[in-house]
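Contents: one structure, followed by commentary.
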Amino acid sequence: MTVGWILWLASILPQPHADRLCLATTIYLEARSEPFDGQLAIAEVALARLDSQLYGDTLCSVLSKPRQFALTTVSPNYRLSNPMAWKRAWQAMRQALIIYRQPAPERQLVSQGATHFVALAMASPNWARGEPVAVIGDHSFYRLH
């Protein structure tokens with residue numbers, strides 16, 4: 001299956017199914033080779049942005065903001081070809097949603113409330129200054145608001 005097909009499917013699925021698909025796909029694209037905590041942290045960033053109400057009112061809208069997440073930076077023809085990584089991405093998505101159903105003060109977040117992340121070996125955005133709140137695998141996590 002391709003990213004384009006997934007985005008089309010998410011556009012016709014009802015909520016919350018569309019959001020789950022967008023989040024699992026983002027985890028796969030951003031962190032399929034990362035440890036489980038790294039995948040969970042990617043999901044937590046998306047959920048933190050949704051909670052902030054600054055980036056959109058659904059996970060799909062948050063994750064499809066231009067140049068913010070892999071859903072908009074990889075080719076629509078990119079094929080998701082690793083079934084084990086796809087399964088792990090779904091597991092991370094489910095676990096992140098369980099965590100976010102808890103009251104905010106009780107959440108045990110691996111991302112420490114980060115709203116942004118970057119693989120510094122691949123990019124160096126101007127907002128990635130100072131010490132990250134967490135480093136997991138290849139990603140550094142930052143809390144910007």
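The values are calculated or read from the model by the stated rules, or taken from the named source; none is laboratory data. Bear in mind that the values here come from a model prediction, so they are computed numbers and not experimental data. Positions of Cβ are backbone-derived with ideal geometry, glycine not excepted, and every protein chain shown enters the neighbour counts.
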Kindly check whether there is at least one residue in region 76-85 that is crowded, with 16+ Cβ neighbours inside 10 Å and touching a residue at least 40 places away in the same chain (Cβ under 8 Å). yes
Name the residue that is farthest from MET93 (Cα to Cα), counting only residues in region 26-62 that are assigned to a helix (DSSP H, G or I), touching a residue at least 40 places away in the same chain (Cβ under 8 Å) and hydroxyl-bearing (Ser, Thr, Tyr). SER52
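Which residues, taken from region 100-111, are assigned to a helix (DSSP H, G or I) and surrounded by 12 or more Cβ atoms within 10 Å (Cβ to Cβ)?
Of everything in region 100-111, just one residue is assigned to a helix (DSSP H, G or I) and surrounded by 12 or more Cβ atoms within 10 Å (Cβ to Cβ), namely TYR100.
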For region 79-92, indicate whether the set of residues that are of a type in the set (Phe, Trp, Tyr), under 23 Å from ARG107 (Cα atoms) and part of a helix (DSSP H, G or I) is non-empty. yes
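Residue-wise test of (1) among the basic types (Lys, Arg); (2) modelled with pLDDT of 95 or more; (3) closer than 30 Å to MET1 by Cβ.
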residue	(1), (2), (3)
LEU47	no, yes, yes
ARG79	yes, yes, yes
MET93	no, yes, yes
ILE99	no, yes, yes
ASN126	no, no, no
ALA134	no, yes, no
HIS145	no, no, no
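From the list LEU97, LEU21, which residue is of a type in the set (A, V, I, L, M), more than 24 Å from HIS145 (Cβ to Cβ) and either part of a helix (DSSP H, G or I) or touching a residue at least 40 places away in the same chain (Cβ under 8 Å) (or both)?
Answer to the check: LEU21.
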Selected residue (criterion: surrounded by the most Cβ atoms within 10 Å (Cβ to Cβ)) from residues of region 22-75 that are of a type in the set (Val, Ile, Thr) and under 17 Å from VAL110 (Cα atoms): ILE42
Can you give me the number of residues within region 122-137 that are surrounded by 15 or more Cβ atoms within 10 Å (Cβ to Cβ), at negative phi and in a loop (DSSP other than H, G, I, E, B)? 3
Could you tell me which numbered condition LYS65 fails, if it satisfies all but one of (1) in a helix (DSSP H, G or I); (2) more than 12 Å from VAL3 (Cβ to Cβ)? (1)
